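Below is one structure, written out as structure tokens; comments come after it.
The values are calculated or read from the model by the stated rules, or taken from the named source; none is laboratory data. Since we're looking at a predicted model, the values are computed, not measured. Reconstructed Cβ throughout: ideal geometry from the backbone, glycine too, with neighbour counts over all protein chains shown.
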């Protein structure tokens, strides 16, 4: 079974119990010296990124994924403390038609400047309330429940800008060879995942890779 099939199969099983059974090493301590091919992988074809003076770190995720949901409490405080020379952002994946709906949720929040307010609530909607958002109608109900401007949410959901964001996300997923989530990419050079030893290990690996990129700049 390849990594995508593994991820999609497990993503249908919500809850911490399922996560613990599937990934028992999620909270394991991380190594101090990450190993290429074990703790992270090099892209066979490095991406050519513009020189911005910052190191790009991307989390590839899916709102419906229990592993992404479990990763958030560790990832969020880490991301909040990143230095100014690290550009961290998220890309929502799309491996199938249902995930394209979920992808629109994320880019609606991003476009409207509502990620800070709605990102965690969206994960909770899927994994705590067990009420996934699988249609535009579901999304508008969710927006109304949270006191949002439903007309703005609807127009953003259906906008040309949304189509552009989705194309960009698909391209980044292809560039980084994303086949499972959560996965993190660093500066168009490396990828790693919490499945390589746990959430803490993954983020320590990212810190090491960011330091390597700085040295080579």
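Quick notes
- Looking across the range 48-73, just one residue is more than 23 Å from residue 103 (Cα to Cα) and either in contact with a helix residue (DSSP H, G or I) (Cβ under 6 Å, 6 or more places away or on another chain) or assigned to a helix (DSSP H, G or I) (or both), and that is 55.
- Hey, residue 17 more than 30 Å from residue 157 (Cβ to Cβ) and modelled with pLDDT under 95 or not: yes
- Filtered residues of the range 74-112 (kept if surrounded by fewer than 23 Cβ atoms within 10 Å (Cβ to Cβ) and assigned to a strand (DSSP E or B)): 86, 87, 88, 89, 90
- Each residue in the range 118-137 was checked for being without any contact (Cβ under 8 Å) to a residue 60 or more places away in the chain, in contact with a helix residue (DSSP H, G or I) (Cβ under 8 Å, 6 or more places away or on another chain) and not in a loop (DSSP other than H, G, I, E, B), and 6 of them qualify.
- Top-ranked residue in the range 180-216 [being under 15 Å from the mean Cα position of the chain (by Cα) and in a strand (DSSP E or B); ranked as nearest to residue 85 (Cα to Cα)]: 186
- Here is the figure for the range 156-169: residues that are surrounded by fewer than 16 Cβ atoms within 10 Å (Cβ to Cβ) and touching a residue at least 24 places away in the same chain (Cβ under 8 Å) total 2.
- Residue within the range 76-84 that is touching a helix residue (DSSP H, G or I) at 6+ places or on another chain (Cβ under 6 Å), within 25 Å of residue 147 (Cβ to Cβ) and modelled with pLDDT of 95 or more present: no
- Residue 152 vs. criteria farther than 30 Å from residue 81 by Cα and out of contact with any helix residue (DSSP H, G or I) (no Cβ under 6 Å at 6 or more places or on another chain): yes
- Residue count for the range 123-155, restricted to those that are crowded, with 17+ Cβ neighbours inside 10 Å, more than 13 Å from residue 105 (Cβ to Cβ) and either at pLDDT below 95 or over 20 Å from the mean Cα position of the chain (by Cα) (or both): 0.
- Residue 140 being part of a helix (DSSP H, G or I), farther than 18 Å from residue 69 by Cα and in contact (Cβ under 8 Å) with a residue 60 or more places away in the chain: no
- Residue match in the range 159-180 (condition: under 16 Å from residue 37 (Cβ atoms) and at pLDDT 95 or above): yes
- Contact map, the range 66-85: residues that are under 11 Å from residue 182 (Cα atoms) paired with residues that are modelled with pLDDT under 95 and assigned to a loop (DSSP other than H, G, I, E, B), Cβ distance under 6 Å, separation 6+ or inter-chain. Pairs shown: 66/14.
- Of the residues making up the range 188-202, not one is out of contact with any strand residue (DSSP E or B) (no Cβ under 8 Å at 6 or more places or on another chain) and free of Cβ contacts under 8 Å to residues at least 60 places away in the same chain.
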